[in-house]
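Student: After the structure tokens below, expect a handful of questions from me.
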Amino acid sequence: MFSYARKGEIKLKGIHGSSRVGIQIVASDDGPGIVDIRQALRDGFSTSGSLGLGLPGVRRLMDEFEITSNPAREQW
């Protein structure tokens with residue numbers, strides 16, 4: 001289900017390093033952006049009335065996690 005972005009993509013790439021093997025997942029979209037990333041990553045925070053577990057849950061599942069946003073970019 002898409003709550004914020006109209007379109008986007010998810011890219012998967014196998015990682016085969018000298019000491020680690022895994023999958024790199026890059027998700028991107030053309031949504032409105034996240035004004036306060038730190039707040040958006042807090043358990044229970046939601047701008048849509050949901051449980052607020054999406055981004056915090058994804059972060060907990062990953063060994064490494066990075067999120068960037070450009071809320072000033074208006075593409076809607």
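Student: Considering the chain as a Gaussian network with a 10 Å cut-off on Cα pairs, which listed residue, S46, S18, S28, attains the greatest mean-square fluctuation?
Tutor: Evaluated over the chain, the most mobile residue of the options is S18.
Student: Loop only by DSSP, 14 or fewer other Cβ within 10 Å of the Cβ. Give me the GluC sites (Glu not before Pro) in the chain that pass, ordered by residue number.
Tutor: Hits after loop and neighbour filter: E64, E66, E74.
Student: By what distance, in whole Å, do the Cα atoms of the stretch 5-57 stretch along each of the three principal axes, largest value first?
Tutor: On the principal axes, the stretch 5-57 reaches 42, 25, 17 Å in Cα extent.
Student: Pick from L41, L12, L55: which residue has the top mean-square fluctuation in a GNM of the chain where Cα pairs under 10 Å get a spring?
Tutor: Residue with maximal mean-square fluctuation among L41, L12, L55: L12.
Student: Then there's this: Using Cβ counts within 10 Å as a stand-in for footprinting exposure, how do S19, S69 rank, fewest first?
Tutor: Neighbour counts put them in this order, fewest first: S19, S69.
Student: To one decimal place, what Kirkwood hydrodynamic radius in Å is obtained for the stretch 33-76 from all pairs of distinct Cα atoms?
Tutor: 11.4 Å
Student: Same structure again: For the stretch 1-70, which trypsin sites (Lys or Arg not before Pro) pass both filters: DSSP loop (anything but H, G, I, E, B) and at most 13 other C-beta atoms within 10 Å?
Tutor: Numbers: sites: R6, K7, K11, K13, R20, R38, R42, R59, R60; in loops: R6, K7, R20, R42.
Counting only loop positions with at most 13 other Cβ atoms within 10 Å, the trypsin sites (Lys or Arg not before Pro) in the stretch 1-70 are R6, K7, R20, R42.
Student: Under a 10 Å cutoff between Cα atoms, tell me which one of D30, D43, D63 has the largest fluctuation in the Gaussian network model of the chain.
Tutor: Of D30, D43, D63, the Gaussian network model singles out D63 as fluctuating most.
Laboratory data are not the source of any read-out in this text; all were calculated from the coordinates shown. Since this is a predicted model, take the numbers as computed values, not measurements. Please note: Cβ atoms are built from the backbone with ideal geometry, for glycine as well, and neighbour counts cover all protein chains shown.
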